[in-house]
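Read through the structure below, which is laid out as structure tokens, and then see the notes.
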Amino acid sequence: MGHFYDFPLARTLTMTRLVRPLAVLLSLVGLTAAGWAAAPPARAQASMFSTQEVDQGKFIIVAAPIGDGSRGQLNIYEQRSAQRPCYAVSGSRPAVVDPLLATFDFTGICNRFIDGNGYSLRIGTADLGTVYRLSVVKDSAETLLMAQPTRPDAGPEMVVARTGGQGNGFLLLVAEPGWRVMRRSFGSRALGHVYVYRDSWPEGGTASRPSPEPAAPAAKLPLDPTAPAEQKAGSPPQAPGQGAAQKPGLGASAPVPHSVNPKPVAVAKPIGPANPVQATQAVQANRAVQANKAVQANKAVAAARAGVPTKAAVVTKAAEPSKRPSPVAAASKPRAAMPLAGAPNLPALPAAAPVPAAP
């Protein structure tokens, strides 16, 4: 007799055994994701590595040239053994480094750290290799080793070391107070990585490149209150006799160029509207001349009507002595007085008396 199996019930029990562990796993993943979302980002987290002290006399920090020497990079050399010297230093401010380790196989004798894989920045327990970079910067007077942030919230820019002067080739970088070389370690094991290290942030984390000193202001000369506007605006005053003509009651005038044969300078007349007083006088004089001419013409007309010879008629008769005067036939006829248009505002003259006919 065969066994009876309830296949739907067995399937349900199997699914239950599989779902319960999956639900527990998903709940744990959800709690972990929520914790990550709630944790605020830190500027520099404590490193899983620790540090070990080293003999500072066996390490040097070097500004190594790149290409034509206009740029540089950080190199750190370590003298591990006294078998052969790894470098030679000469001079000061700046001191020049001769990298002797480049001329032989320095395995077991020297260590050379030349990029971010061999060195990084660390302050206290914070490993800043991911948010800071160490850069060699050439200034106008010297070469600096700068710790420059790669994120806005990482921290300030800091001067780590300097050469003390400007030069060519491999230059020795002298560490600023508080900075030194430390070795990275994992537990008690020393690693092949070194730190440019400081116990705490310099000056509360505000250290930066020194700003140039402001130049001393130039001394200002006293200004003459009677000087022209050009001198008051900042031009230096000129001494008498040096191309400046002095006038009584005025300040220094504009410089006059020297010439062997000075030429007279024509004075330009001002161009613009005339003086209103002079214009009024000219109008009045013009009106007086016109009125005088009108009076003379009126007198001449009146004299002609009255038969009185004028100066012009006398001169004309004197010039023609041989011509006999003809009788005036039309003089007996009176003529009406003509209004004078050239002399306004003058009284009208009386009509002329009739002239008797000649016998």
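Structure notes:
- Karplus-derived 3J(HN,Hα), 6.51/-1.76/1.60, for each residue of the stretch 60-68, Hz, glycine and proline x: 10, 9, 10, 8, 8, x, 10, x, 7
- Given a 1.4 Å probe and the protein chains as shown, SER90 ends up with an accessible area of around 70 Å².
The values are calculated or read from the model by the stated rules, or taken from the named source; none is laboratory data. These figures come from a predicted structure and were not determined experimentally. Only protein heavy atoms, including side chains, enter the accessible area calculation; ligands, DNA and RNA are left aside. Shrake-Rupley method; radii C 1.70, N 1.55, O 1.52, S 1.80 Å.
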